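> For reference, the structure I am asking about is given below.
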Amino acid sequence: MNNSVSNTGRLLWAGLRALLVLTLVTGVIYPLAVTGIAQALFHGKANGSEIKADGVVGSSLVGQAYNLPLKKGQGTPEPDLKWFQGRPQNGLGANSVNAQYRLILSGATNRSADNKDLIDWVTSTKVAVIKDNSVAGYTVKPAEVPADAVTSSGSGLDPDISPAYADLQVHRVAEKNGLTVAQVQKLVEEHTTGRTLGFIGEPRVNVLELNIALKALVAKS
C-alpha cells in the first residue's frame with residue numbers, strides 16, 4: 001500500500017515537473033525567442049507592415065477604400081476620383097458584430113463565371129470604370145479595362161492593382177488634382193513593383209503608397 005502511494009506520488013511529481021518545464025519552454029521561452037527574432041530581422045512585417053505618413057495610415061498588405069462621405073439617404077458611397085482607386089472590395093460582406101467600423105470580411109465570393117449576379121456586377125463596374133476615367137482628350141475603351149478593375153481578389157482586400165489599371169487612371173487623377181499627365185505617370189512608374197525574384201507573381205502597384213506619394217506631390221505643386 002505504501003509502495004503504491006509512493007509510486008503514485010513520484011509519478012504525479014514527475015508529471016508536474018514535466019508540465020512546468022514544457023510550460024516554461026513552449027509558453028515563455030519559445031514565444032519570446034520567436035518574437036525577438038521577428039523584431040530583429042523582420043521588424044516591419046512583424047508589426048503589421050505599417051505605412052507611415054504623419055503617423056500610421058495603414059498597412060501595405062490591406063487595401064483601403066477612397067470614397068466620398070455618404071450623403072443623406074445614400075447607401076453606397078461614391079469613389080473620390082481625385083485618388084487612385086483599388087480593386088473592388090466585395091469579399092464576403094460586412095462585419096455586423098463590430099459596431100464602430102463596417103469591416104469587410106476577407107474571402108472570395110466563389111461565384112461561377114456564369115453566375116448572373118457576378119455578370120451584372122462586372123458589367124456595371126466596367127461601365128463605371130470607363131465613365132469615371134474618361135476625361136477631356138482621353139476616352140477609355142472597353143477593351144482597355146483590365147480584369148482587376150472589375151473583379152475583387154480572393155481575399156477581397158488586395159492592396160495592389162496592375163500597372164495597366166493604374167495607367168488607366170492617370171489622366172483622371174491628373175485632371176482632378178491639377179497635375180500634368182507626365183507627373184502622375186512618373187508616380188505610377190516609381191511605385192510599380194516587378195515580379196518577386198524576377199519570376200514570381202505579376203508586376204503590381206500598391207495603391208496606398210501611390211496615393212501617399214500623390215498627396216505629397218499635390219502639396220508641393
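The values are calculated or read from the model by the stated rules, or taken from the named source; none is laboratory data. All values reported here derive from a predicted model rather than from experimental measurement. All Cβ positions, glycine included, derive from the backbone under ideal geometry; neighbour counts span all protein chains shown.
> Give the stretch 11-56 a look and list any residue that's farther than 30 Å from Ala219 by Cβ and loosely packed, with under 10 Cβ neighbours inside 10 Å, or say none.
The answer is Ala40, Leu41.
> If you don't mind, there's one more thing I want to ask. From (1) within 23 Å of Ser106 (Cα to Cα); (2) under 21 Å from the mean Cα position of the chain (by Cα), pick out the condition that doesn't hold for Ser124.
Here Ser124 meets the rest and fails (2).
> What number of residues within the stretch 1-33 satisfy the criterion of being over 35 Å from the mean Cα position of the chain (by Cα) and either of a type outside the set (Val, Ile, Thr) or closer than 30 Å to Ala46 by Cα (or both)?
Of the residues in the stretch 1-33, 23 are over 35 Å from the mean Cα position of the chain (by Cα) and either of a type outside the set (Val, Ile, Thr) or closer than 30 Å to Ala46 by Cα (or both).
> If you don't mind, there's one more thing I want to ask. Out of the stretch 159-204, which residues are over 22 Å from Lys131 (Cβ atoms), crowded, with 20+ Cβ neighbours inside 10 Å and either within 19 Å of the chain's Cα centre (by Cα) or at pLDDT below 95 (or both)?
Pro159, Asp160, His191, Arg204
> Still on this structure, please answer the following. I need the full set of residues from the stretch 71-117 which are closer than 21 Å to Ser162 by Cα and at pLDDT 75 or above, in order please.
Hits for the stretch 71-117 are Pro79, Asp80, Leu81, Lys82, Trp83, Phe84, Gln85, Gly86, Arg87, Pro88, Gln89, Ser106.
> Return the total of residues in the stretch 205-221 being under 23 Å from the mean Cα position of the chain (by Cα) and outside any helix (DSSP H, G or I).
2
> Could you check how many residues of the stretch 56-78 are in a strand (DSSP E or B) and out of contact with any Gly (no Cβ under 8 Å at 6 or more places or on another chain)?
Restricting attention to the stretch 56-78, the residues satisfying the condition of being in a strand (DSSP E or B) are 56-59, 67.
Now restrict to residues that are out of contact with any Gly (no Cβ under 8 Å at 6 or more places or on another chain): 56-58, 67.
Counting residues in the stretch 56-78 that are in a strand (DSSP E or B) and out of contact with any Gly (no Cβ under 8 Å at 6 or more places or on another chain) gives 4.
> Sticking with this one: Limited to the stretch 131-166, what total is found for residues that are among the aliphatic types (A, V, I, L, M), in contact (Cβ under 8 Å) with a residue 40 or more places away in the chain and part of a helix (DSSP H, G or I)?
2
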